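The structure appears right after this line, and notes come after that.
Each reported figure results from applying straightforward, stated rules to the coordinates on display, with no laboratory input. Here the structure is a predicted model, which is why all the values come from computation and not from measurement. We place every Cβ from the backbone using ideal geometry, glycine too, and count neighbours over all the protein chains shown.
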Amino acid sequence: MQKLRQTFAALLGTLLTCSVAMPTASANDPDSQASALIAAAEPFEKLTENAFVVNKHKLDLLIAKAKLSAVGASKLMSTSEAKALSNYVAAIDAARAANNPADLAIAAVEGYRTLVSNAGGPPKVPKQVSLLDYSGFRFQADIKAKPIRWSDAASAVDFAVVEWQQIADRVDDLKLRAKMSEALAAMRLASHNKKAKEAMSAATRELDLVDQLEHYFDR
């Protein structure tokens, strides 16, 4: 009983430490719903970024924040998409229990993809930019996995290329457009040749360029 109380107290402390509020939105306001879902995706993105690098306590805090965010977001999604998100949250828990950061990062980034894909509407920053972010993080998780998941990494690049082709023509900054195309080509080549160092370098460039795309569209 004492052990149970200690476990409950630790979990309660974790949740109280979380600063992320559950996303809320008016049922009749698509823009508000989109903003809420995008905000809900942020803790999943942060969890993906940090899955390999933070200590267990910080990791548990990040997981708790993502789970809390998912509770509110699920109310803004269809039943099937809410179920998919719930499955990714369960996969996060399973990966944490197994001490498997690669599976945890991938489950988190899939939760991120589910949320940004459901944001809907024509936001100022196209959702393809967020999906390029998703692709870069999934690719990195594949490269950091042991053993490296080369086939999945190649699939992540293929996904990114399709998303990029949908918005490339909207980027009038020709240097930025060329750099993104080059980064994706470098990721594809590195995954094909199974060069881990080159793959990580290319993915880092791609993620940096996603940030630049966000600023470009958010002008």
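Straight Cα distances below 18 angstrom link K124 to the aspartates and glutamates D29, D31, E42, D133, E163, D169, D172, D173, D211, E214, D218, with same-chain residues fewer than 8 positions distant left out.
Please find the FRET efficiency linking D218 to K83, where r is the Cβ-Cβ separation and R0 is fixed at 41 Å, and quote it to the nearest 0.05. Working shown, then result.
Details: r = 32 Å, r/R0 = 0.78.
Taking R0 as 41 Å, the efficiency between D218 and K83 is 0.80.
Mind checking segment 107-154 for chymotrypsin sites (Phe, Trp or Tyr not before Pro) that DSSP puts in a loop (not H, G, I, E or B) and that have at most 11 other Cβ atoms within 10 Å?
Numbers: sites: Y112, Y134, F137, F139, W150; in loops: none.
Of the chymotrypsin sites (Phe, Trp or Tyr not before Pro), not one in the loops of segment 107-154 has a Cβ with at most 11 other Cβ atoms within 10 Å.
Spin-label pair S181-V125: with each label point 7 Å from Cα along the Cα-Cβ axis, the two points sit 2.4 nm from one another. Counted by neighbouring Cβ atoms within 10 Å, the residues M77, M200 run from fewest to most as M200, M77. Counted by neighbouring Cβ atoms within 10 Å, the residues V89, V157, V54 run from fewest to most as V54, V89, V157.
Computed over segment 127-219, the percent of Cα pairs more than 22 Å apart is 21. Among the listed pairs K56/K144; K56/K83; K46/K127; K46/K197; K144/K175; K67/K146, those with a Cα-Cα distance over 21 Å are K56/K83; K46/K197; K144/K175; K67/K146.
The C-alpha atoms of the chain define a longest principal axis, and helix 150-167 lies at about 70 degrees to it.
Between 0 and 90 degrees, the angle of helix 101-117 with respect to the longest Cα principal axis of the chain falls at about 80 degrees.
In the chain, helices alone account for a calculated mean residue ellipticity at 222 nm of -26500 deg cm²/dmol, with every DSSP H run of four or more residues adding -39,500 (n - 2.57). Over the chain, the ratio between the Cα radius of gyration and 2.2 N^0.38 Å evaluates to 1.06.
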